[in-house]
Each structure stands twice: as C-alpha cells, then as structure tokens.
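Rule-based calculations on the coordinates, nothing more; no lab input. What you see is a predicted model, and the numbers here were worked out from it, not measured in a lab. FYI the Cβ positions are ideal-geometry reconstructions off the backbone, even for glycines, and counts take in every protein chain you see.
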Amino acid sequence: MSENLTRGHRASGTALARVKGVPPWSVLAAGAVLGGLLGGAYGVVKTPTYTATSYVIAVPTDKGDPSAALGFAQAYGRVATQLAVLGDAQVWAGVPVKTLQASVRTATSPDAPMVAVSATSSRPDRAADMANAVTRSLTRHANDSRNSTHVELLSFSRAVKPTSASSAPATVTGLVGASAGGLLGGLVLLVRPRRSTDTARPASVPGPATAADVHGQL
C-alpha cells in the first residue's frame with residue numbers, strides 16, 4: 001500500500017508540474033478559441049432580424065417659414081414613438097402597440113428637415129409594414145395641425161422589404177466572442193498566484209555565551 005501511495009504522490013506531483021509548466025500564451029489562446037466557438041454558435045442559433053426604414057420630410061406651407069420646418073422635423077421625430085401615433089399605426093401594421101414601442105426607432109438630422117422611421121422584426125415584410133404604418137400615422141397627425149404650424153409632413157421614401165438581415169452574422173459574433181475570451185484569459189493570467197522568488201532564509205541561532213559573560217551574570 002505504501003508503494004501505491006508513493007506512486008500516487010508522484011503522479012499528482014508530475015501533473016502539478018505539467019500545469020505549472022504551461023506557457024502563459026496558451027491560456028490566452030484557449031480563451032480566444034473557446035470564446036470564438038461560443039460566439040459563432042450564438043450567431044448561428046440566434047434568429048436573424050431585419051430592419052426597414054421609411055422617410056418623411058417637413059416642408060413649409062405658403063404661409064410658413066422655411067427655417068421652421070427643421071425645428072418641426074425634430075419635434076415630429078420625438079412624437080413618432082408616442083402612444084397617440086402608435087395607437088393608429090397598430091391598425092395598419094397588424095401588431096400590438098407594445099410591439100411597435102419595442103421595435104420602432106426614429107432619427108432626425110440637424111441639417112435637413114427629415115425624419116427616418118426604422119422598424120426591426122424577425123420577418124422582413126413585417127418590418128416594412130411597421131415602418132410604413134408609423135410614418136403614415138405620423139403624417140396624418142402632423143397634417144391635422146398644419147393650419148396652425150404652417151408646416152406639413154410629406155412621404156419622402158417608403159420602406160421596402162429588406163433582403164438581408166441587419167443582425168450580426170456568425171462570423172462577427174465569433175470574432176466578438178474570441179476577443180472576449182482572450183480578454184478573460186488575460187485577466188486570469190493577471191490574477192493567478194505567482195511563484196515566490198525569494199528563498200527562505202535559515203533562522204539565526206544565537207552563538208554560545210562566552211565564559212566572561214557567564215561569570216558576569218553570576
């Protein structure tokens with residue numbers, strides 16, 4: 001039995017020595033490879049999403065000021081995602097208001113009186129329908145008050161059915177995962193315990209007392 005215990009201690013010591021002998025770069029490489037595999041698998045399994053965008057433009061009426069159209073375009077961009085506009089858009093889009101609130105985003109330009117309405121969905125046709133429904137509702141609400149604002153909203157470009165997904169492909173998610181895995185591997189190297197390079201010094205033993213010192217103490 002003592003021989004088996006001795007062999008076990010030797011085997012564990014050999015395995016520990018092998019682990020300690022692993023070069024640091026291998027931890028980074030392992031983290032990058034594992035992260036890349038997980039990221040690529042996520043990109044393959046995740047359902048792709050599609051984004052469609054429609055545009056409306058604010059133009060002044062005969063009594064309007066051209067410079068005012070830019071300011072109203074900024075305001076309409078904020079109003080487009082409000083419940084008053086989305087409540088009418090849900091009828092034309094065929095989806096509930098909550099879906100529109102989660103899927104529709106707007107963007108405006110500080111240089112042009114234009115509003116971009118983007119909708120995202122797992123179905124390309126539904127993305128286009130939601131974007132067009134929101135711009136239709138926004139245009140109707142804006143033009144109801146054009147006699148007081150002297151600015152009307154016109155359709156500039158309708159959203160079309162997207163042909164390619166807007167979500168990141170598996171190659172991109174794989175690269176992101178590899179970068180994250182390499183970063184985690186570097187953090188592991190930073191927090192791992194390091195070998196102590198200082199050698200233990202032997203304890204100092206006081207020398208024997210001389211005969212004169214002993215005699216003085218007596």
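The table below gives the values:
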item	result
For PHE156, distant residues with modelled amide H under 5 Å away	TYR55, VAL56, ILE57
Mean Cβ count within 10 Å, highest first, over the residues of peptides 75-83, 111-119	111-119, 75-83
Order by protection proxy (mean Cβ within 10 Å, highest first), peptides 123-135, 95-107	123-135, 95-107
In nm, spacing of pseudo-spin labels at VAL33 and ALA84 (7 Å Cα→C-beta vector)	6.1 nm
Diffusion coefficient, µm² s⁻¹, Stokes-Einstein with Kirkwood Rh over alpha-carbon pairs of region 44-174 at 20 °C and 1.002 mPa s	141 µm²/s
Length released on extending from ILE57 to ASN147, taking residue separation times 0.36 nm less the Cα-Cα span	30.7 nm
